[in-house]
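Engineer: Before I ask anything, let me first share the structure, which is written out below as C-alpha cells.
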Amino acid sequence: MKSLKSLYKIGRGPSSSHTMGPEKACKIMLSDFPEANRFRVILYGSLSATGKGHLTDKVIEETLGKNRTEVVFGETDGNFKHPNKMTFFAYKDDSLIAERTYYSVGGGAIVTDDVNVAEEKDVYPHGSFDEIKSFCEENNMKLWQYVEVFDDGDVFSYLKTIWDAMKDCIKQGLSASGILPGGLQTERKAKTLYEQYALNESPAARQNRMVCAYAYACSENNASGGRVVTAPTCGSCGVLPAVLYYLEQTDEVPEREILKALAVAGVIGNVVKTNASISGAECGCQAEIGVACAMASAAVAELYGMNLDQIDYAAEIAIEHHLGLTCDPICGLVQIPCIERNAVAALRALNEVTLPMFITGSRKISFDEAVRTMYETGVDLGKKYRETAQGGLAKLFK
C-alpha cells in the first residue's frame, strides 16, 4: 500500500476524480511537452457524462490555458479500462506532437496504459487489513504505530497539515451563505444548522445538529469548488472531518489524538483503495460515502480506545450497510444527494461504534470480506447508477 499522503490530498472541489485527477494530468502534459501551444482533450465515460456539473472542462481550460484548449465531451458508453477516461492531444502549431490517455481512478490519482505516471511507491508491506492486524498483534502495536513504523518519516507532520486544512474547510463552510453554483439553486445550509437551535435542545439533538453542520460545511465548500481534503474523495470530504471536529470541540480531544485517529482512518481508506475502489464512477457511492463512513467509524473507535478487532468491526459495519449505494448526482453536480449523504454518514459513524463495544466476538464478517463484497457489488451496478447522472434521483429529477 502507498503512503497516506496518496490518500489524503488537499485540492479543489467538487470532485477528486473530475477536477483533481484531470488537473494533475494537465500539469504532466505541460511538463512533458512545454513546446506545445495548443491542446485538445476528449472526455469519455463518467467524465463526459457529468464533467460539466463537476467543472472538469473548467479546470482543464484553466490549467492548460483557455485560449489554446478545446475540451470535447465524447462517448459516455464504451469498454473503457476505467469509466473516467480522458485523451490529450498536444500540438505545436498545426502538428500533433503527442497523444496520451489517462484514467482518473479516484482520490485525485491517475493512471495510464503507456506512460509511467509519477505516483508514490508502496511503503506498506501488507495489503489487507487481516495482514495488518496480525502484524500489529504479533508486535503489540496499535494501528497508528503501524503507520509510524512504515509510512514516511514526516507522515504525522503531514497529517497535521491535513487536519488544519480540514478545520479551515469547516470554518469556511460555516461562514458562507447563499446559493451554490451550478443552476440547481441549492441553498447553503451549514451556517443555518450551526447557528439555529431549538429551546430546550437535548444533548442528542445538539450532537446531530452540530455534526450535520460540520459535514454540510465541508461538502458545500467542495460543491462551490473550494479547497478540501480527499477523505477518501472530494465528494465524501465531509464525513471524517465532521466527526473528528465534533469530538475535538465537545470532548476536548487533544490534537495528537486526532492525528492518531486520522492515521487509523487512513489505513482503512488505503485498504479499500488497494483492494477495491474509492471511485463513484467505478463502484457507486458506496465506494465514496461508504468508505468515508468506515474511515470515520475506525477513527472514532481509536479515540474510544477500542482494540483491533473492534476497529475492524466498526469499519466493517459501515461498509456492509452502505452496500449498493448508487452514485446518482442530480444534473451531475456534487450537491443532491451528495451533501446530505455526508451528514447522514457522519451521524452513522458516531452511532455505529456502539455495537463493537459489546458484540465484536460474535460477528461473522470481517472488514476485508466487506470490502471484497463492496467491489463486486459496484462492478455489478448498472452504469447509470455509477456517476453518470442517468439513473436514480438524477433521472427522476427534472
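The values are calculated or read from the model by the stated rules, or taken from the named source; none is laboratory data. Model, not experiment: these values are computed from the prediction. No Cβ is skipped: glycine too gets one built from the backbone with ideal geometry, and neighbour counts run over all protein chains shown. Keep in mind that these areas ignore ligands, DNA and RNA; they rest on the heavy atoms of the full protein, side chains included. Shrake-Rupley method; radii C 1.70, N 1.55, O 1.52, S 1.80 Å.
Engineer: If I ask for residues that are under 31 Å from the mean Cα position of the chain (by Cα) and at pLDDT 90 or above, which ones from the stretch 92-109 would you list?
Structural biologist: Glu99, Arg100, Thr101, Tyr102, Tyr103, Ser104
Engineer: In addition: Consider Glu340 carefully, then state whether it is among the acidic types (Asp, Glu) and open to solvent by 10 Å² or more (accessible area, probe 1.4 Å).
Structural biologist: yes
Engineer: Sort through Gly11, Gly45, Gly21, Gly51 and tell me the only one that's in contact with a Pro (Cβ under 6 Å, 6 or more places away or on another chain) and buried (at least 16 other Cβ atoms within 10 Å of the Cβ).
Structural biologist: Details: Gly11 fails: in contact with a Pro (Cβ under 6 Å, 6 or more places away or on another chain); Gly21 fails: in contact with a Pro (Cβ under 6 Å, 6 or more places away or on another chain); Gly51 fails: in contact with a Pro (Cβ under 6 Å, 6 or more places away or on another chain).
The unique qualifying residue is Gly45.
Engineer: Which one of these does Ala301 not meet: (1) part of a helix (DSSP H, G or I); (2) buried (at least 24 other Cβ atoms within 10 Å of the Cβ); (3) in contact with a Gly (Cβ under 9 Å, 6 or more places away or on another chain)?
Structural biologist: For Ala301, the exception is condition (3).
Engineer: List the helices (runs of 4 or more DSSP H) that sit entirely inside the stretch 144-252 and contain at least 1 residues that are open to solvent by less than 20 Å² (accessible area, probe 1.4 Å) and in contact (Cβ under 8 Å) with a residue 60 or more places away in the chain.
Structural biologist: Helices (runs of 4 or more DSSP H) meeting the threshold: 155-175, 203-223, 239-251.
Engineer: Output the residues belonging to the stretch 313-344 that are charged (D, E, K, R), in contact with a helix residue (DSSP H, G or I) (Cβ under 7 Å, 6 or more places away or on another chain) and outside any loop (DSSP other than H, G, I, E, B).
Structural biologist: Listed by number, the residues that qualify are Glu316, Glu320, Arg341.
Engineer: Could I ask something else about it? Show me the strands (runs of 3 or more DSSP E) entirely contained within the stretch 1-83 in which 2 or more residues are of a type outside the set (Asp, Glu) and under 17 Å from the mean Cα position of the chain (by Cα).
Structural biologist: 10-12
Engineer: If I filter the stretch 120-141 down to residues being in contact (Cβ under 8 Å) with a residue 12 or more places away in the chain and open to solvent by 50 Å² or more (accessible area, probe 1.4 Å), which single residue comes out as nearest to Glu316 (Cα to Cα)?
Structural biologist: Step by step, filter the stretch 120-141, then rank; the result is Asp130.
Engineer: Taking the condition open to solvent by less than 10 Å² (accessible area, probe 1.4 Å) and under 14 Å from Ala346 (Cβ atoms), does Ala263 pass?
Structural biologist: So Ala263 does not fit the description; no.
Engineer: State which residue pairs qualify: first residue under 16 Å from Lys52 (Cβ atoms) and inside the stretch 68-95, second residue basic (Lys, Arg) and at pLDDT 95 or above in any location, beta carbons under 7 Å apart, and separation of 6 or more residues or different chains.
Structural biologist: Here the result reads Glu70/Arg40; Val72/Arg40, each pair linking the stretch 68-95 to a residue that is basic (Lys, Arg) and at pLDDT 95 or above.
Engineer: Just wondering, is there one or more residues in the stretch 253-272 that are assigned to a helix (DSSP H, G or I) and either in contact with a Ser or Thr (Cβ under 6 Å, 6 or more places away or on another chain) or modelled with pLDDT under 95 (or both)? Before the answer, list the steps.
Structural biologist: So in the stretch 253-272, the residues assigned to a helix (DSSP H, G or I) come out as 255-272.
Now narrow it down to the ones that are either in contact with a Ser or Thr (Cβ under 6 Å, 6 or more places away or on another chain) or modelled with pLDDT under 95 (or both): none.
The answer is no, given that none of the residues of the stretch 253-272 is assigned to a helix (DSSP H, G or I) and either in contact with a Ser or Thr (Cβ under 6 Å, 6 or more places away or on another chain) or modelled with pLDDT under 95 (or both).
Engineer: Could you list all residues from the stretch 349-369 that are among the aromatic types (Phe, Trp, Tyr) and at pLDDT below 95?
Structural biologist: Phe358
Condition check ((1) in contact with a Lys or Arg (Cβ under 8 Å, 6 or more places away or on another chain); (2) under 18 Å from Gly108 (Cα atoms)) across all residues:
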position: His18; (1), (2): no, yes
position: Met29; (1), (2): yes, yes
position: Gly51; (1), (2): no, yes
position: Leu55; (1), (2): no, yes
position: Val72; (1), (2): yes, no
position: Thr87; (1), (2): yes, yes
position: Tyr91; (1), (2): yes, no
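Engineer: Restricting to the stretch 345-383, give me the number of residues that are of a type outside the set (Ser, Thr, Tyr), touching a residue at least 24 places away in the same chain (Cβ under 8 Å) and not in a loop (DSSP other than H, G, I, E, B).
Structural biologist: Total meeting the criteria: 20.
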